[in-house]
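Student: First the structure, which I've put down as structure tokens, then a few questions once you've had a look.
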Amino acid sequence: METGEQQLIASYTRWRSGGLGQITEALEEQLLLEMLGPVTGKTLLDVGCGDGALIVQLAQQDAVVTGLDSDPTMLAAARRRAETANVQLRLVEGKAQALPFPDASFDRVLAVTALCFIPDVERAIGEMTRVLKPGGLLIIGELNSHSLWAAYRRMRGWFGHPLWRPARFRSPAELRRLVSQAGLDVLEMRGAAYYPPCGAAARLLAPVDSWLGRRTTLGAAFIALSAAKPAFFPNPGDAASSLRREALSPTGPPEEPEFLRALDSPPAARSGHAAIST
């Protein structure tokens, strides 16, 4: 009997062998590669690298690539893929919520369909931000919660599918909020796969997919976001960072002291008398 990891690898193989999977994966990879930009000589971390299909491509473009995954079976598959392609990868077992790397280690950090499986997503994005160099790029790719694809996978999860049962899909607005709260500057958000999960629809609409992706995320099954770490990004414990977190937090900065509010109020209100208007 196959283990869950073996089933996952088999599902990757089936997906990539079918017409729908080949078209969809090619469109998503094209989008991600465009958002990553030139990677020659860049240090790059892929969080949740899976079987290494994308990071092998990046290594072939002379990026210095590290792949992280919590599943040793996936890492073994990535290692075999790298050996077949004759490229060098650094593969590390670990979790996104506690990345085993020093601060400011990477020029690019990539996370593709990984956040939907991570319970503490805020902490994971915080860790990705920590290991990203100032001026570096974070690229996130996720299944759009406002799509037929996500609805289909949610239904499979409801009926007990082990892969999709714990998944939590997010909208473009939710992804933007999460990344902004981590202190990153969102640069761009684009979509891919503007068709239902149907091979005939994919073949029909693939030629205009990139055109649609540059104009709207509405109707996209896959969404990708790029964000930059500011050149000045204080350490988490210092005063400037504390002020930045307060400005970015949902509750905002602390309440303004009463004496400052009084300076902006009408004279009658400051003296305790009601202002009289005619």
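Student: Here are some residues: LEU138, LEU33. Which one is under 24 Å from PRO230 (Cα atoms), surrounded by fewer than 17 Cβ atoms within 10 Å (Cβ to Cβ), out of contact with any His (no Cβ under 9 Å at 6 or more places or on another chain) and in contact (Cβ under 8 Å) with a residue 24 or more places away in the chain?
Tutor: On inspection, the qualifying residue turns out to be LEU33.
Student: Okay, next question. Determine which member of the set ALA63, ALA77 is over 24 Å from MET189 (Cα atoms) and either surrounded by 20 or more Cβ atoms within 10 Å (Cβ to Cβ) or touching a His at 6+ places or on another chain (Cβ under 9 Å) (or both).
Tutor: Of the residues listed, the single one that is over 24 Å from MET189 (Cα atoms) and either surrounded by 20 or more Cβ atoms within 10 Å (Cβ to Cβ) or touching a His at 6+ places or on another chain (Cβ under 9 Å) (or both) is ALA77.
Student: Take the stretch 119-146 and flag every residue that is in contact with a Gly (Cβ under 8 Å, 6 or more places away or on another chain) and closer than 11 Å to VAL47 by Cα.
Tutor: Correct list: empty.
Student: If ARG130 satisfies every condition in (1) basic (Lys, Arg); (2) under 20 Å from ILE55 (Cα atoms); (3) buried (at least 16 other Cβ atoms within 10 Å of the Cβ) but one, which is the exception?
Tutor: (2)
Student: Being under 26 Å from ARG170 (Cα atoms), at pLDDT below 95 and of a type outside the set (Asp, Glu) is true for just one of ALA98, ALA77, ALA114. Which residue is that? Let's see the steps before the verdict.
Tutor: Working: ALA98 fails: at pLDDT below 95; ALA77 fails: under 26 Å from ARG170 (Cα atoms).
One residue alone meets the criteria, ALA114.
Student: While we're looking at this one, here's another question. Could you tell me whether ALA124 is assigned to a helix (DSSP H, G or I) and of a type outside the set (Ser, Thr, Tyr)?
Tutor: Criteria met by ALA124.
Student: Going by what's in this entry, would SER147 be described as closer than 26 Å to ASP107 by Cα, buried (at least 22 other Cβ atoms within 10 Å of the Cβ) and either of a type in the set (Ser, Thr, Tyr) or over 13 Å from the mean Cα position of the chain (by Cα) (or both)?
Tutor: No, not satisfied.
Student: Consider ALA227 carefully, then state whether it is closer than 25 Å to ARG123 by Cβ and among the aliphatic types (A, V, I, L, M).
Tutor: Working: closer than 25 Å to ARG123 by Cβ: yes; among the aliphatic types (A, V, I, L, M): yes.
Here the answer is yes, as ALA227 does meet what is asked.
Student: Let me ask you something else. Keeping to the stretch 80-91, report how many residues are crowded, with 19+ Cβ neighbours inside 10 Å and assigned to a loop (DSSP other than H, G, I, E, B).
Tutor: Within the stretch 80-91, residues that are crowded, with 19+ Cβ neighbours inside 10 Å and assigned to a loop (DSSP other than H, G, I, E, B) number 2.
Student: Determine whether the stretch 16-28 contains at least one residue that is of a type outside the set (S, T, N, Q) and touching a strand residue (DSSP E or B) at 6+ places or on another chain (Cβ under 9 Å). Lay out the reasoning, then the answer.
Tutor: Of the residues in the stretch 16-28, the ones of a type outside the set (S, T, N, Q) are 16, 18-21, 23, 25-28.
Cutting the leftovers down to touching a strand residue (DSSP E or B) at 6+ places or on another chain (Cβ under 9 Å) gives us 27-28.
Looking through the stretch 16-28, at least one residue is of a type outside the set (S, T, N, Q) and touching a strand residue (DSSP E or B) at 6+ places or on another chain (Cβ under 9 Å).
Student: Where in the stretch 128-244 are there strands (runs of 3 or more DSSP E), lying wholly inside it, with at least 3 residues that are closer than 18 Å to ALA96 by Cβ, of a type outside the set (Asp, Glu) and at pLDDT 95 or above?
Tutor: Details: elements: 132-143, 185-192, 222-228.
Here the list reads 132-143, 222-228.
Student: Among the residues of the stretch 36-51, is there at least one that is at pLDDT 90 or above, assigned to a helix (DSSP H, G or I) and surrounded by fewer than 22 Cβ atoms within 10 Å (Cβ to Cβ)? Explain how you work it out, then say what you get.
Tutor: Going through the stretch 36-51, the residues at pLDDT 90 or above turn out to be 36-51.
Those still in the list that are assigned to a helix (DSSP H, G or I) too: 36.
Remaining after also requiring surrounded by fewer than 22 Cβ atoms within 10 Å (Cβ to Cβ): 36.
Yes: the stretch 36-51 contains one or more residues that are at pLDDT 90 or above, assigned to a helix (DSSP H, G or I) and surrounded by fewer than 22 Cβ atoms within 10 Å (Cβ to Cβ).
Student: Can you tell me which residues in the stretch 92-116 are closer than 30 Å to ALA151 by Cα, of a type outside the set (A, V, I, L, M) and assigned to a loop (DSSP other than H, G, I, E, B)?
Tutor: GLY94, LYS95, THR113
The values are calculated or read from the model by the stated rules, or taken from the named source; none is laboratory data. This is a predicted model, so every value here is computed, not measured. Reconstructed Cβ throughout: ideal geometry from the backbone, glycine too, with neighbour counts over all protein chains shown.
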